Amino acid sequence: MSITPNATFAALGTTVFTVMSALANEHGAVNLGQGFPDTDGPEDVRAAAARALMEASNQYPPMRGTAALRQAVAEHEARFYGLSVDPDRGVLVTSGATEALAASLMAFLNPGDEAILIEPAYDSYLPIIRHTGATPRFLRLDPPRWRLEEDKLAALMTDKTRLLVLNTPHNPVGRVFSDAELEMVARLACRHDFLVVSDEVYEHLVFDGKRHRPLITFPGMAERTLKIASAGKTFSLTGWKVGMITGAPALIDQVAKVHQFLTFTTAPNLQAAVAYGLGKDDAYFEGLIADMQAKRDRLAAGLAPLGFDVLPSEGTYFLTCDYSRLSSEDDVTFAKRLVTEAGVATIPLSPFVEGDWPHRLIRFCFAKQDAVLEEGLARLSRYFGR
């Protein structure tokens with residue numbers, strides 16, 4: 001029997017996150033690679049999930065999400081961003097932000113269309129776009145500032161441009177795009193009449209007094225933006241896989257048509273807990289930022305004396321570091337050597353781009369317990385101090 005797999009996915013290897021985490025386990029390394037916290041999120045949010053599991057229905061919830069969670073999302077958008085969102089028609093709950101991205105891209109891309117990706121780009125975007133038959137166009141950002149430049153973005157626009165994928169705060173580089181940059185994206189989107197799928201899963205992890213501003217709040221963008229959020233990132237519960245999309249009802253209607261045949265719905269007890277969590281007071285959200293910012297600063301202060309050039313991190317869980325003063329190896333080779341010889345796992349940046357990558361950059365995750373960060377730094381200090 002001859003079985004022919006799907007060409008797009010058959011060509012893919014194992015994700016860099018899985019590879020580096022497997023190496024970390026094999027070598028007993030401190031895992032500062034894959035982006036997840038090593039402690040669970042707020043106890044009261046977890047308790048709300050447990051109560052709902054035992055006391056409420058565990059049968060199929062509504063396909064678009066429970067009424068309580070959709071209402072909580074609408075209230076969250078009004079509270080933090082001044083948005084007026086219809087909880088019945090302007091919100092869709094998905095099984096994680098990755099499903100939200102897949103459903104959004106599949107809903108609006110057809111063979112022959114073009115979609116713009118900003119590189120470095122989170123690794124799920126490209127294969128989903130290719131699976132739709134659309135052609136990706138790439139806007140490469142340059143370190144260390146990672147700025148969006150209007151002339152380079154405008155040069156990618158054609159009469160086939162249907163969609164741009166935006167990611168802010170940006171994984172893997174930790175950039176929070178400025179209001180001026182976002183205004184430029186909005187202006188081009190309106191002028192060239194394309195949609196923006198805006199991955200904003202780190203919206204509550206923005207540092208140094210900056211504020212996250214969703215693209216959907218800019219003039220002309222309410223009808224052409226799908227804002228994607230993640231309860232996993234907001235509540236340090238990445239295993240829950242609860243994503244949320246906010247957008248104009250006409251857009252949400254189309255994404256829901258795809259969602260119904262991907263996962264259809266999401267665990268009802270987790271939806272109940274996320275609805276509860278979104279209503280937590282400001283102290284929770286401010287505390288999350290303060291805690292992660294302190295971890296960022298701790299790791300940055302420890303890496304710099306070892307010879308790493310630490311690039312700015314304005315948000316997310318991540319620090320990007322230039323290791324040129326330590327090695328001339330490519331980033332994958334260097335990252336693997338750190339795992340096997342130094343006992344510390346990181347993530348190379350080249351898997352986040354298409355084609356050649358001339359930079360020597362790796363990504364550290366600082367969303368770890370302080371003792372874990374200190375152990376990672378101690379191992380690197382011993383290794384580079386040899």
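Bear in mind these aren't lab numbers, they're just calculated from the coordinates by the rules spelled out. It should be emphasised that the depicted structure is a prediction, and the values quoted were computed from it without experimental measurement. So basically every Cβ, Gly included, is an ideal-geometry build from the backbone, and we count neighbours across all protein chains shown.
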> Based on the Cα atoms of segment 245-386, what semi-axes does the equivalent ellipsoid have, where each is the square root of 5 times one gyration tensor eigenvalue, given in whole Å with the largest first?
Replying inline: 37, 22, 14
> Got a sec to turn the phi values of segment 232-240 into Karplus ³J(HN,Hα) couplings, 6.51 cos²θ - 1.76 cosθ + 1.60 with θ = phi - 60°, whole Hz, x for Gly and Pro?
Replying inline: x, 7, 5, 10, 6, 10, 5, x, 6
> For the chain, what is the relative contact order in percent, using Cα pairs closer than 8 Å and at least 6 residues apart in sequence?
Replying inline: 25 percent
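If R₀ is 25 angstrom, what is the calculated FRET efficiency for the pair LEU262 and ALA78, using the beta carbon separation as r and rounding to 0.05?
FRET efficiency, LEU262 to ALA78: 0.30.
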> Residue farthest toward the positive end of the dipole of segment 319-359, with Cβ of Lys/Arg at +1 and Asp/Glu at -1: which of SER324, PHE352, THR340?
Replying inline: THR340
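Thinking of segment 265-314 as a set of Cα atoms, what percent of all their pairs are more than 12 Å apart? It would help to have the intermediate numbers written out before the result.
Working: 894 of 1225 pairs.
Tail fraction, whole percent: 73.
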>> Only four residue types carry charge here, +1 at the Cβ of Lys and Arg and -1 at the Cβ of Asp and Glu. Report the dipole size of segment 1-132 about the Cα centre in Debye, rounded to the nearest 20.
In response: 280 debye
>> Skipping prolines and chain starts, which residues have an amide H placed within reach, meaning under 5 Å, of the one on LEU166, given they are 5 or more residues away or on another chain?
In response: VAL197, SER198, ASP199
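So how many Lys-Lys pairs in segment 119-265 land under 21 Å Cα to Cα, not counting same-chain pairs under 8 apart? Intermediate values should be presented prior to the final figure.
Details: LYS152/LYS160; LYS210/LYS227; LYS210/LYS233; LYS227/LYS241; LYS227/LYS257; LYS233/LYS241; LYS241/LYS257.
The result is 7.
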> Among GLN271, ASN167, CYS190, whose Cα lies farthest out toward the positive end of the dipole of segment 126-280, if unit charges sit on the beta carbon of Lys, Arg (+1) and Asp, Glu (-1)?
Replying inline: GLN271
> What does the highest-first list of 214-221, 196-203 look like by mean Cβ count within 10 Å?
Replying inline: 196-203, 214-221
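Using only C-alpha positions, report the orientation-averaged shadow area of the convex hull of segment 1-109, nm², one decimal. Before the final figure, lay out each step's value.
On the way: hull surface 50.6 nm².
Mean shadow area of the hull around the Cα atoms is 12.7 nm².
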> Along segment 255-260, what does the Karplus equation 6.51 cos²θ - 1.76 cosθ + 1.60 (θ = phi - 60°) give for ³J(HN,Hα), rounded to whole Hz, x for Gly and Pro?
Replying inline: 5, 4, 5, 7, 3, 5
> What number in nm² do you get for the chain if you take the convex hull of its Cα atoms and divide its surface by four?
Replying inline: 20.3 nm²
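Contact order normalised by length for segment 145-276, with contacts defined as Cα pairs under 8 Å and 6 or more residues apart; what percent is it? Let's see the in-between values first.
Numbers: 171 pairs, mean separation 24.2, N = 132.
Taking the mean separation of contacting Cα pairs over the length of segment 145-276, I get 18 percent.
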>> Helix-only estimate, please: 222 nm mean residue ellipticity of the chain, summing -39500 (n - 2.57) across DSSP H runs of length 4 or more and dividing by its residues, to the nearest 500.
In response: -12000 deg cm²/dmol
> For segment 353-367, what does the Karplus curve 6.51 cos²θ - 1.76 cosθ + 1.60, with θ = phi - 60°, yield as ³J(HN,Hα) per residue in whole Hz, taken in order and with x for Gly and Pro?
Replying inline: 10, 9, x, 5, 9, x, 8, 9, 10, 10, 10, 9, 9, 9, 7
> For segment 71-135, what percent of Cα pairs sit more than 20 Å apart?
Replying inline: 44 percent
> How large is the dipole of the chain about the Cα centre if only Lys and Arg carry +1 and Asp and Glu carry -1, each at its Cβ, rounded to the nearest 20 debye?
Replying inline: 320 debye
> So which residue, out of THR18, THR66, THR266, gets the largest mean-square fluctuation from a GNM of the chain using Cα contacts under 10 Å as springs?
Replying inline: THR18
> For a paramagnetic label modelled at 7 Å from the Cα of ALA304 toward its Cβ, which residues of segment 177-219 fall within the zone defined by backbone nitrogen distances under 16 Å?
Replying inline: 208
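If you take the square roots of the eigenvalues of the alpha-carbon gyration tensor of segment 103-197 and sort them as a ≥ b ≥ c, do you get rounded (a/c under 1.5), prolate (a/b over b/c) or oblate? It would help to have the intermediate numbers written out before the result.
Values: a/c = 1.86, a/b = 1.31, b/c = 1.42.
Oblate is the answer for segment 103-197, as a/c is 1.5 or above yet b/c matches or exceeds a/b.
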>> For segment 40-198, place one equal point scatterer on every Cα, skip the solvent, and apply the Debye formula. What is log10 of I(q)/I(0) at q = 0.18 Å⁻¹?
In response: -1.22
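Please express the shape of segment 173-314 as an equivalent ellipsoid: the semi-axes are the square roots of 5 times the eigenvalues of the C-alpha gyration tensor, given largest first in whole angstrom. Working shown, then result.
Details: eigenvalues 171, 104, 37 Å².
Each semi-axis is the square root of five times an eigenvalue, giving 29, 23, 14 Å.
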> Sequence-distant or interchain residues sharing an amide H contact under 5 Å with VAL30, placed H: which?
Replying inline: VAL344, ALA345
> If you build a Gaussian network model of the chain, linking Cα atoms that sit under 10 Å apart, which residue out of ALA272, ALA180, ALA189 swings the most?
Replying inline: ALA180
> Projected onto the charge dipole of the chain (+1 at Lys/Arg Cβ, -1 at Asp/Glu Cβ, origin at the Cα centre), which of THR132, GLY41, ALA103 gives the Cα projection farthest towards the positive end?
Replying inline: THR132
